[in-house]
Amino acid sequence: MTRRARLVSGIAMLAVAAAVALPLLAQPDPTQTPPRDGPYLMEIPAGDYVDLVFAYEGGTNGKSLRVSIESPTSRDELTVLVPPGQTVVVPVVAGNKPWRVARPLTVRLDQQASHVHGSGLTADGPVTFRPVRS
């Protein structure tokens, strides 16, 4: 076999190997849990809060995260938009009195909770909001 024939043969083998391997590499990772439809939920534990803090790592779509917090006294909601890659601090002090949450409140998120960090600042320090299974 001439040098040229070996080179052409090698290129052809490489092309066949790539044609077989690329579709296999493009398969989804079976160990990852597929995203489910929202809403995604977090819980604000009972306590006296000065600030609520939400940090959003950001999704691939570049859209802001919508955070909706139920009102403890009415059917109203507080809605906050958190841009990707940013942290938003929501002051909840009325005068010099902290916001009292007597029973746990639900926070609805329109993105997967693994990309969001929520916490509240209290006199005793920060309190992390935990994801809730719905």
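None of the figures in this text is laboratory data; all of them are computed from the coordinates on show. Small disclaimer: the values here were computed from a predicted structure and weren't measured. Neighbour counts run over all protein chains shown; Cβ positions are idealised from the backbone, glycine included.
General remarks:
- Label point distance in nm, Gln86-Asp51, each placed 7 Å from Cα along Cα→Cβ: 1.6 nm
- Cα-based convex hull volume of the range 77-130 per residue, rounded to whole Å³: 115 Å³
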